């Protein structure tokens, strides 16, 4: 198993537009967490322009599949996303 970071660049009006999509987004995240794939995630604050999710999976395609299914991505609240391996040094 390896760690990966899914980074989202958020639209300027992300906070105003997320409410109708939030439960679906969080449901997908909870499912991934319950499976042990998603370790933690959330938006960065001040400004709220990025979000990060830390994953522990064998295949980074699992992370990309999550992003492609995420309503925030599908409805344009996420303007760009990347999956990158994370070389954890401590923890």
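All of the numbers you see were taken from the coordinates with simple rules; none came from a lab. Given the structure is predicted, the values throughout are model-derived calculations rather than measurements. Here the Cβ positions follow ideal geometry from the backbone for every residue, glycine too, while neighbour counts run over all protein chains shown.
Numbers for the structure displayed
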{"quantity": "Boolean, residue 40 is free of Cβ contacts under 8 Å to residues at least 24 places away in the same chain, loosely packed, with under 15 Cβ neighbours inside 10 Å and over 18 Å from residue 9 (Cβ atoms)", "calculated": "yes"}
{"quantity": "Exclusive hit being more than 12 Å from the chain's Cα centre (by Cα) and part of a loop (DSSP other than H, G, I, E, B), set 46, 24, 16", "calculated": "46"}
{"quantity": "Test result for residue 81, surrounded by 17 or more Cβ atoms within 10 Å (Cβ to Cβ), within 12 Å of the chain's Cα centre (by Cα), assigned to a strand (DSSP E or B) and without any contact (Cβ under 8 Å) to a residue 60 or more places away in the chain", "calculated": "no"}
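To keep it simple, each residue is scored yes or no on (1) in a helix (DSSP H, G or I); (2) in contact with a helix residue (DSSP H, G or I) (Cβ under 8 Å, 6 or more places away or on another chain); (3) surrounded by 13 or more Cβ atoms within 10 Å (Cβ to Cβ).
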{"site": "56", "(1), (2), (3)": "no, no, yes"}
{"site": "67", "(1), (2), (3)": "yes, yes, yes"}
{"site": "72", "(1), (2), (3)": "yes, yes, yes"}
{"site": "91", "(1), (2), (3)": "no, no, no"}
